[in-house]
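In what follows, a structure is listed as structure tokens, so that the remarks can point back to it.
The values are calculated or read from the model by the stated rules, or taken from the named source; none is laboratory data. The structure presented is a predicted model; accordingly, all values stated were derived computationally and were not measured. Cβ: placed from backbone, ideal geometry, glycine included. Neighbour counts: every protein chain shown.
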Amino acid sequence: MAKITFDGIEVEVEDGTTILQAARKIGGDVVPPAMCFYTPLKGSGGKCRVCLVKVTQGSARDPRPMPKLVASCITPVQDGMVVENTTNEDVLNARKGIVEMLLINHPLDCPICDQAGECDLQNLSYEHGVSATRYEEPRRTFDKVDLGPYIQLHMTRCILCYRCVYTADQITDKRVHGVLGRGDAAEIGTYIENVIDNDFSGNVIDVCPVGALTDKTWRFKNRVWFTKPLNAHRDCPTCSGKVTLWSRGDQVLRVTARKDEYAEVEEFICNTCRFDKKEVSDWTIEGPRNIDRGSVISANHYELPVVNVPIVPNLPKSTVKKMPTE
Amino acid sequence: MELLSNRSKNVAQKEMTLSERMYLPAIAQGLGITIKHFFKKKATINYPEETRQRSDVWRGLHVLKRDENGAERCTACGLCAVACPAEAITMTAGERKKGEEHLYREEKYAVTYEVNMLRCIFCGLCEEACPKAAIFLQDDKLAPARYEREEFIYGKDRLVEPLKTTETK
């Protein structure tokens, strides 16, 4: 076990845990953001640099500070480590610069993009970015590509986090898409229009932190904040069948995997569940999905916030709010 | 009992005098008031021929603007509808097809766009929320009174700015 101090909060974690995971154990506002790191995907992380933190004391045995800011998602903790995230001015400035870098080639098409409202980059730039751009050169543009009948790739929006590549590598049997080119010319591509036809290929939509990979069955159907998220499940032979339905009225507009507070999927779902089961009768509905109050998705939804559950008997489990522990 | 204010009047039914019983002076007095009003400035105007001067920031009927090439600016992003406190705005989005570039500015556009003028409180939050400068509340138009409720639901046919077919200047 290793004991570290993160933003002045002491936490004890297993050896080999990364700083980011230790911070997530604390939870709340101190957790560094992550655009490329994804817990269920092995080897992800270390690419986007938004999770940079300052290590002011390397360990109890060697208390020297680390000379540069380190990526918290791939740096393991050491006993006695002291880490600063929100309390360090350098970290916040560096993060601001990184957001600016990520936005250099990202188009400002949030009003069109289907990811808007649940986009990690949108949240990140809202919290850490600057509202104006200093970039004057033309942004790189690509034509949109159809990856099979269900997935659409907008390469202009991609921030090259490699999450979808890892997903294709680890979840699906054979990878037919990867990153082509280097540096500024790098792009997600399928080898000669190879169609992703694996049963679990739809998960690349869920792992994409931006709107680069989107669901074609959901394309321009509605905005995410007008839909009602519901937890539902069905008896699926290929996957767990536990999903979130995004519905409006009696219509199921979209099916996604269940995502936690860090937008990481709890269980990957198969393409049949995601793209073909768009009827309420296909699903057993468990109840409304709990969405963070600060999110735009919960705007204009007037659900009663049930905080003290025992007062109201027989409530579905999904209404139970996770209260911050003091 | 102690009075709360000094404004209360004692009412007593007195015997009327002869001149009061004749009513003629009272009629003359009343006519005088009526005639005086003939020469006063009128409080009303002949709407709709005449309109009152409105403030520069008056928020009237909505308009969906077109850009300089005549293409619709609205991309159906839904920010006006989510900002609307009265939930008066509904829309459905569609994808622009090839050859429609002169009609719609972006690849997504509003297929239907409805504002319920009975719900609308003309607060202007939709105008403020719009990232594309598409919706504005005009300062010279009002939502007129109508007989049917359905007529208050303004669709795109009545909201979108008409195309300028002839050069005016």
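Scanning the stretch A:110-131 for residues that are assigned to a loop (DSSP other than H, G, I, E, B) and either at pLDDT below 90 or not β-branched (Val, Ile, Thr) (or both) yields A:110, A:111, A:113, A:114, A:115, A:116, A:117, A:118, A:119, A:129, A:130, A:131. The single residue among A:179, A:204 that is buried (at least 21 other Cβ atoms within 10 Å of the Cβ) and outside any loop (DSSP other than H, G, I, E, B) turns out to be A:204. Take the conditions surrounded by fewer than 19 Cβ atoms within 10 Å (Cβ to Cβ) and hydroxyl-bearing (Ser, Thr, Tyr) and apply them to residue A:135. Does it pass? Spelling it out, residue A:135 is indeed surrounded by fewer than 19 Cβ atoms within 10 Å (Cβ to Cβ) and hydroxyl-bearing (Ser, Thr, Tyr). Quickly run through the stretch B:97-120 and pick out the residues that are of a type outside the set (A, V, I, L, M), over 22 Å from the mean Cα position of the chain (by Cα) and more than 10 Å from chain A (Cβ to nearest Cβ). If the condition is that a residue be of a type outside the set (A, V, I, L, M), over 22 Å from the mean Cα position of the chain (by Cα) and more than 10 Å from chain A (Cβ to nearest Cβ), then B:97, B:98, B:99, B:100, B:101, B:102, B:104, B:105, B:112 are the ones that fit.
The lone criterion from (1) modelled with pLDDT of 85 or more; (2) more than 27 Å from residue A:98 (Cα to Cα) left unmet by residue A:163 is number (2). Being surrounded by 19 or more Cβ atoms within 10 Å (Cβ to Cβ), over 28 Å from residue A:197 (Cα atoms), touching a residue at least 40 places away in the same chain (Cβ under 8 Å) and more than 14 Å from chain B (Cβ to nearest Cβ) holds for only one residue in A:151, A:98, and it is A:98.
Residue by residue, here is whether (1) within 22 Å of residue B:158 (Cα to Cα); (2) in contact (Cβ under 8 Å) with a residue 12 or more places away in the chain; (3) crowded, with 18+ Cβ neighbours inside 10 Å; (4) within 14 Å of chain A (Cβ to nearest Cβ) holds:
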{"position": "B:42", "(1), (2), (3), (4)": "no, no, no, no"}
{"position": "B:58", "(1), (2), (3), (4)": "yes, yes, no, no"}
{"position": "B:62", "(1), (2), (3), (4)": "yes, yes, yes, no"}
{"position": "B:68", "(1), (2), (3), (4)": "yes, no, no, no"}
{"position": "B:74", "(1), (2), (3), (4)": "yes, yes, yes, yes"}
{"position": "B:86", "(1), (2), (3), (4)": "yes, yes, no, yes"}
{"position": "B:89", "(1), (2), (3), (4)": "yes, yes, yes, yes"}
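Considering the stretch B:121-131, the residues that are on the phi < 0 side of the Ramachandran plot and within 21 Å of the chain's Cα centre (by Cα) include one that is nearest to the other protein chains (Cβ to nearest Cβ), namely B:130. Just one of the numbered conditions (1) away from chain B (no Cβ under 14 Å); (2) in a loop (DSSP other than H, G, I, E, B); (3) buried (at least 22 other Cβ atoms within 10 Å of the Cβ) is not true of residue A:239: (3). Based on what the data block shows, is residue A:217 at pLDDT 90 or above, within 14 Å of chain B (Cβ to nearest Cβ) and surrounded by fewer than 20 Cβ atoms within 10 Å (Cβ to Cβ)? The answer is yes for residue A:217. Assess whether residue B:132 counts as being farther than 23 Å from residue A:111 by Cα, surrounded by 10 or more Cβ atoms within 10 Å (Cβ to Cβ) and in contact (Cβ under 8 Å) with a residue 40 or more places away in the chain. Spelling it out, it is not the case that residue B:132 is farther than 23 Å from residue A:111 by Cα, surrounded by 10 or more Cβ atoms within 10 Å (Cβ to Cβ) and in contact (Cβ under 8 Å) with a residue 40 or more places away in the chain.
Of all the listed residues (A:59, A:44), the sole one being of a type in the set (Gly, Ala, Ser) and touching a residue at least 60 places away in the same chain (Cβ under 8 Å) is A:44.
Exactly one residue out of A:91, A:99, A:55 is aliphatic (A, V, I, L, M) and not in a helix (DSSP H, G or I): that is A:55. The number of residues in the stretch B:1-43 being of a type in the set (D, E, K, R) and under 42 Å from the mean Cα position of the chain (by Cα) comes to 5. Taking the stretch A:256-270 as the range and being of a type in the set (Gly, Ala, Ser) and part of a loop (DSSP other than H, G, I, E, B) as the test, only A:263 passes.
Which members of the stretch A:273-282 meet the condition of being within 25 Å of the chain's Cα centre (by Cα) and either in a loop (DSSP other than H, G, I, E, B) or loosely packed, with under 15 Cβ neighbours inside 10 Å (or both)? Of everything in the stretch A:273-282, those that are within 25 Å of the chain's Cα centre (by Cα) and either in a loop (DSSP other than H, G, I, E, B) or loosely packed, with under 15 Cβ neighbours inside 10 Å (or both) turn out to be A:276, A:277, A:278.
Checking each residue in the stretch A:120-132 for being surrounded by 15 or more Cβ atoms within 10 Å (Cβ to Cβ) and away from chain B (no Cβ under 13 Å) picks out A:120, A:121, A:123, A:124, A:125, A:128, A:129.
Of all the listed residues (A:125, A:131), the sole one being in contact (Cβ under 8 Å) with a residue 24 or more places away in the chain and more than 26 Å from residue A:180 (Cβ to Cβ) is A:125. Evaluating residue A:137 against the criteria (1) acidic (Asp, Glu); (2) without any contact (Cβ under 8 Å) to a residue 12 or more places away in the chain; (3) assigned to a helix (DSSP H, G or I) leaves one unmet condition, (3).
A single member of A:107, A:67 is within 14 Å of chain B (Cβ to nearest Cβ), assigned to a loop (DSSP other than H, G, I, E, B) and surrounded by fewer than 17 Cβ atoms within 10 Å (Cβ to Cβ), and it is A:107.
Among the residues of this structure, residue A:37 does not count as one that is touching a residue at least 40 places away in the same chain (Cβ under 8 Å) and aromatic (Phe, Trp, Tyr).
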